[in-house]
1. Going by what's in this entry, would SER106 be described as farther than 14 Å from THR66 by Cα and surrounded by 17 or more Cβ atoms within 10 Å (Cβ to Cβ)?
2. Which of the residues spanning the stretch 71-91 are under 18 Å from ALA116 (Cα atoms), in a helix (DSSP H, G or I), open to solvent by 50 Å² or more (accessible area, probe 1.4 Å) and not hydroxyl-bearing (Ser, Thr, Tyr)?
3. I need every pair where a residue in the stretch 95-112 that is β-branched (Val, Ile, Thr) has its Cβ under 9 Å from the Cβ of a residue that is part of a strand (DSSP E or B), sequence separation at least 6 or different chains.
4. Pairs under 8 Å by beta carbon, first residue under 21 Å from ASN134 (Cβ atoms) and at pLDDT 95 or above in the stretch 38-58, partner among the aromatic types (Phe, Trp, Tyr) and outside any helix (DSSP H, G or I), six or more apart or different chains?
5. Can you work out which of the residues in the stretch 109-152 that are under 15 Å from MET69 (Cβ atoms), touching a Leu at 6+ places or on another chain (Cβ under 7 Å) and not β-branched (Val, Ile, Thr) is surrounded by the most Cβ atoms within 10 Å (Cβ to Cβ)?
6. Consider VAL56 carefully, then state whether it is of a type in the set (A, V, I, L, M) and either surrounded by fewer than 11 Cβ atoms within 10 Å (Cβ to Cβ) or touching a Gly at 6+ places or on another chain (Cβ under 6 Å) (or both).
Amino acid sequence: MRAGKHPVRIVNINKGTGENVKTFCQRGFSLIELMIVVAVVAILAAVVYPSYQESVRKTKRAEGKTALMRDMQQQERDFSRTNSYTAFTDTSPGNYKGFSGDSGASSAAYKIKAEACSTTKTISTCVLLTATPNFTDAKCGNLTLTSEGTKGASGTGGTDFCWK
């Protein structure tokens with residue numbers, strides 16, 4: 001008999017104990033078998049979950065980069081009409097969205113703002129778009145894009161990693 005199965009004798013009390021005695025094996029899992037399954041699942045979860053989290057972050061970064069490109073295209077269209085860029089924040093975006101994605105500001109992965117590129121350049125000549133994440137992202141942090149085409153990231157991963 002295999003480990004974990006114990007014979008049980010069932011007697012038909014209506015006809016005595018002669019030829020009507022039947023033997024069955026109990027079915028089920030032992031505690032050891034259950035603990036092995038739990039250990040295997042825990043090991044798989046420890047390996048798979050961090051990869052899943054990184055995939056989610058990469059997807060959110062793509063959403064942030066898409067929002068920056070979308071808003072920069074809008075800035076360039078406005079510049080061609082007015083000969084000036086437009087500053088905005090996520091709380092007062094004006095004609096701009098001010099956030100990434102299509103689901104609304106409350107569920108957006110990034111908040112977008114526009115300001116002058118530097119203290120020496122005015123908003124009329126150069127705009128800096130900044131996407132601030134609404135989640136923890138130490139590798140990329142804030143993503144930036146200027147009207148001059150300069151891309152940036154404030155995290156530890158660097159611009160090349162975050163904009164690839």
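1. no
2. Within the stretch 71-91, GLN73, GLU76, ARG77, PHE79 qualify.
3. Pairs that qualify, where the first residue is β-branched (Val, Ile, Thr) and the partner is part of a strand (DSSP E or B), are ILE112/PHE88; ILE112/PHE99; ILE112/LEU129; ILE112/THR130; ILE112/ALA131; ILE112/THR132.
4. ARG57/PHE135
5. Of everything passing the filter in the stretch 109-152, ALA131 is surrounded by the most Cβ atoms within 10 Å (Cβ to Cβ).
6. Taking the combined requirement at face value, the residue does not satisfy it.
The values are calculated or read from the model by the stated rules, or taken from the named source; none is laboratory data. The model shown is predicted, which means the values in this text are computed figures rather than measured ones. Here Cβ is always computed from backbone atoms with ideal geometry, including for glycine, and neighbour counts include all displayed protein chains. Please note that ligands, DNA and RNA were not included when accessible areas were found on the heavy atoms of the full protein model with its side chains. Shrake-Rupley method; radii C 1.70, N 1.55, O 1.52, S 1.80 Å.
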